[in-house]
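Novice: Dumping the structure here so I can ask a few things about it.
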Amino acid sequence: MPRVAPLLLLLLAPVSLLGAAAPARPNIVFAFADDWGRYASAYRDAARPTLNDVIETPHFDRLARGGVLFWDAHCSAPSCTPSRGAVLTGRHFYRNGSAAQLHHPWPKDTPDPATSLASWPNLLRAAGYRVGLTYKTHVPAPLYGGRAAIHEPAGSLGGAYDRVAKMLHDSTDLAATRAQILGEIRGNLAALIDSAGPQPFAWWCSPVLTHRNWPLGLAQKLHGLDPEKLRGRLPAFLPDTPEIRQDLADYLALCMEFDLSLGVILDELAKRGLLANTIIAVSGDHGAPGFPRGKCNLYDFGTQVPLVIHWPAGVTTPGRRIDNPVSLIDLAPTFLAAAGVAAPAGMDGQDLLPVLRDGAARGFTPLARDTVITGRELHVRDAREGDLPYPTRALRDRHFLYIRNFKPDRWPVTPPPLSAEAQSDMDRGPTRTFYAARTSEVAFATFMDLAIGKRAAEELYDLAADPDQMRNLAADPHHAATREKMSAQLLRTLRETGDPRVVGNGDAFDRPPYHRPPVTP
């Protein structure tokens with residue numbers, strides 16, 4: 001048999017052996033709902049009744065069946081700007097300069113770390129991705145490259161936080177109003193795909209459906225959801241009353257409206273043949289707004305968020321559930337790794353690709369982190385005297401939540417009495433109005449103290465025995481070893497990662513450039 005020249009053998013080899021058919025870089029869709037806590041029917045828990053028993057999210061559930069569901073995901077900070085800044089940079093919120101807190105009065109003559117930090121949208125764009133943004137940002141523009149550098153289709157639904165909820169409430173033709181809202185989301189995705197051409201694309205879609213304020217009665221109108229179905233399913237720190245059941249039901253109805261958005265995103269990708277190699281990650285920036293111990297708080301009701309990652313081309317054995325306490329800062333290195341882009345030094349997040357690709361990874365796995373750090377500083381500027389922040393940090397593992405309060409003399413929400421209208425770190429709404437009307441009722445004192453009372457310097461909660469975090473065990477001698485261990489681990493990590501709250505003299509967030517004292521009249 002004649003000998004075939006090596007070059008000819010190479011030319012005759014299958015394309016796949018030559019590497020010319022290497023897998024295309026995945027597209028990335030990050031659907032990130034404002035103020036959406038961990039509420040989806042995929043999170044129903046047979047062990048105890050919760051609000052998830054009454055919500056229906058078929059599209060989120062479909063993503064969970066075809067991807068990986070993270071059962072215990074947390075934001076970095078339960079406030080929109082620091083949470084979003086942490087997601088974009090993959091860094092703990094306190095490391096991000098002006099993006100470390102909601103109201104960031106950073107002096108113009110002081111260098112701001114947020115203007116030079118690497119972020120996954122900027123890194124993907126530099127690597128050849130077409131990057132798009134729809135609706136809310138609420139972070140310094142350099143973190144996503146600024147409007148001129150991204151694809152941002154025109155749209156009217158993201159301008160005012162309560163606009164979509166009011167549109168739905170006022171609609172006399174609900175089907176037509178929904179078609180308008182969903183059509184705009186679909187059109188924005190389609191426009192980005194068209195503009196990308198042969199490039200892979202990355203889309204950050206951040207609607208504001210679940211942000212305060214929303215009109216009463218949405219639950220019944222939008223989804224026929226009877227608030228009475230919530231009876232007996234509220235967390236223990238909330239009074240189980242008709243007013244609060246209605247408020248929560250309206251919130252859940254808006255979460256269900258966001259799920260409809262996921263449906264049109266899935267449909268548009270499928271129609272274009274892009275679903276198989278598109279990463280779809282879905283989450284929210286923090287817990288429920290306008291309820292005690294939710295948004296702005298380090299209890300699970302404030303920091304725990306939904307998270308699902310769906311990627312048919314990259315997920316081995318879909319339908320798995322991961323129980324590790326993971327952080328949304330893990331998304332940045334995950335997106336970059338999937339795109340073949342090296343994560344820059346300084347990212348605190350952990351790449352979740354090993355979890356997605358290992359079909360045996362389920363339950364609690366060593367492939368993901370086993371603790372998360374959360375915290376907060378400033379949310380509403382004039383919530384407390386001197387416009388000072390409320391400095392807290394927490395360490396949470398699968399068994400315990402430990403919270404360190406650096407200024408226990410400060411009020412966590414607002415100095416009492418709680419007002420229905422004054423600025424506060426609890427968003428306005430029917431639940432806050434309900435509480436404000438009962439500030440002096442002795443029978444309501446326990447609920448009021450849990451909502452706005454001053455808190456201990458240390459808190460420790462046993463998550464299995466006390467899932468609503470009602471009983472502080474920090475002073476319990478039976479848990480002293482756990483408290484000491486978690487305190488040491490938290491403070492060590494904060495120092496190692498340069499938290500301005502603990503390095504140096506430890507009060508950087510109380511001084512410029514992080515803090516601007518109020519102007520004296």
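The values are calculated or read from the model by the stated rules, or taken from the named source; none is laboratory data. What you see is a predicted model, and the numbers here were worked out from it, not measured in a lab. Neighbour counts are summed over all protein chains in view; Cβ atoms, including those assigned to glycine, are modelled from backbone coordinates with ideal geometry. Accessible surface areas use protein heavy atoms only, side chains included; no ligands, DNA or RNA. Shrake-Rupley method; radii C 1.70, N 1.55, O 1.52, S 1.80 Å.
Novice: Sort out which residues of region 475-521 are over 19 Å from residue 388 (Cβ atoms), more than 28 Å from the chain's Cα centre (by Cα) and in a loop (DSSP other than H, G, I, E, B), and write them in order of number.
Specialist: 475, 476
Novice: Sticking with this structure for a sec: Go through region 390-424 and give me each residue that's at pLDDT below 95 and open to solvent by less than 40 Å² (accessible area, probe 1.4 Å).
Specialist: 413, 414, 418, 420, 424
Novice: Which pairs do you get when a residue that is under 17 Å from residue 468 (Cβ atoms), found in region 50-79, comes within reach of a residue that is open to solvent by 10 Å² or more (accessible area, probe 1.4 Å) and part of a helix (DSSP H, G or I), reach meaning Cβ atoms under 7 angstrom, with the pair 6+ apart or on two chains?
Specialist: Within 7 Å, the pairs are 52/41.
Novice: Now a separate question. Looking at 314, 273, can you tell me which residue is out of contact with any Leu (no Cβ under 7 Å at 6 or more places or on another chain) and not in a helix (DSSP H, G or I)?
Specialist: 273 is the lone residue from the list that is out of contact with any Leu (no Cβ under 7 Å at 6 or more places or on another chain) and not in a helix (DSSP H, G or I).
Novice: Moving on to the next point. Please tell me if residue 438 is under 26 Å from the mean Cα position of the chain (by Cα) and more than 22 Å from residue 36 (Cα to Cα). Walk me through how you get there before you give the answer.
Specialist: Numbers: under 26 Å from the mean Cα position of the chain (by Cα): no; more than 22 Å from residue 36 (Cα to Cα): yes.
Against the criterion (under 26 Å from the mean Cα position of the chain (by Cα) and more than 22 Å from residue 36 (Cα to Cα)), residue 438 does not qualify.
Novice: Can you tell me which residue in region 175-186 is most open to solvent (accessible area, probe 1.4 Å), limited to those that are of a type outside the set (A, V, I, L, M) and out of contact with any Asp or Glu (no Cβ under 9 Å at 6 or more places or on another chain)?
Specialist: Ranking the candidates gives 180 first.
Novice: Among the residues of region 368-386, are any at pLDDT below 95, over 16 Å from the mean Cα position of the chain (by Cα) and small (Gly, Ala, Ser)?
Specialist: Within region 368-386 (the criterion being at pLDDT below 95, over 16 Å from the mean Cα position of the chain (by Cα) and small (Gly, Ala, Ser)), the answer is yes, since at least one residue qualifies.
Novice: Check off (1) out of contact with any strand residue (DSSP E or B) (no Cβ under 9 Å at 6 or more places or on another chain); (2) among the small types (Gly, Ala, Ser); (3) open to solvent by less than 50 Å² (accessible area, probe 1.4 Å) for residue 465 and give me the number that stays unchecked.
Specialist: Answer for residue 465: the failing condition is (3).
Novice: Taking the residues in region 70-105 that are in contact with an Asp or Glu (Cβ under 6 Å, 6 or more places away or on another chain) and farther than 19 Å from residue 348 by Cβ as candidates, determine which candidate is most open to solvent (accessible area, probe 1.4 Å).
Specialist: Filtering region 70-105 for residues that are in contact with an Asp or Glu (Cβ under 6 Å, 6 or more places away or on another chain) and farther than 19 Å from residue 348 by Cβ, the one most open to solvent (accessible area, probe 1.4 Å) comes out as 71.
Novice: Can I ask one more? With hydroxyl-bearing (Ser, Thr, Tyr) and either open to solvent by less than 10 Å² (accessible area, probe 1.4 Å) or under 30 Å from residue 129 (Cα atoms) (or both) as the only criterion, which of 172, 210 stands out? So that I can check it myself, show each step before the final result.
Specialist: Working: 172 fails: either open to solvent by less than 10 Å² (accessible area, probe 1.4 Å) or under 30 Å from residue 129 (Cα atoms) (or both).
Step by step, each of 172, 210 is checked, and only 210 is hydroxyl-bearing (Ser, Thr, Tyr) and either open to solvent by less than 10 Å² (accessible area, probe 1.4 Å) or under 30 Å from residue 129 (Cα atoms) (or both).
Novice: Of everything in region 230-275, what is without any contact (Cβ under 8 Å) to a residue 12 or more places away in the chain and either more than 22 Å from residue 432 (Cβ to Cβ) or open to solvent by less than 10 Å² (accessible area, probe 1.4 Å) (or both)? Give them in sequence order.
Specialist: Of everything in region 230-275, those that are without any contact (Cβ under 8 Å) to a residue 12 or more places away in the chain and either more than 22 Å from residue 432 (Cβ to Cβ) or open to solvent by less than 10 Å² (accessible area, probe 1.4 Å) (or both) turn out to be 270, 271, 273.
Novice: Within region 49-69, which residues are farther than 24 Å from residue 368 by Cβ and either assigned to a loop (DSSP other than H, G, I, E, B) or touching an Asp or Glu at 6+ places or on another chain (Cβ under 6 Å) (or both)?
Specialist: 49, 54, 55, 56, 59
Novice: In addition: Out of 273, 284, 232, 314, I need the residue that is of a type outside the set (Phe, Trp, Tyr), at pLDDT 95 or above and closer than 19 Å to residue 165 by Cβ. Which one?
Specialist: Result of the check over 273, 284, 232, 314: 284.
Novice: Kindly check whether there is at least one residue in region 106-123 that is closer than 24 Å to residue 258 by Cβ, outside any loop (DSSP other than H, G, I, E, B) and either of a type outside the set (Asp, Glu) or open to solvent by less than 50 Å² (accessible area, probe 1.4 Å) (or both).
Specialist: The answer is yes, given that some residue of region 106-123 is closer than 24 Å to residue 258 by Cβ, outside any loop (DSSP other than H, G, I, E, B) and either of a type outside the set (Asp, Glu) or open to solvent by less than 50 Å² (accessible area, probe 1.4 Å) (or both).
Novice: Any chance region 12-26 includes a residue that's within 20 Å of residue 334 (Cβ to Cβ), over 18 Å from the mean Cα position of the chain (by Cα) and at pLDDT 95 or above?
Specialist: yes
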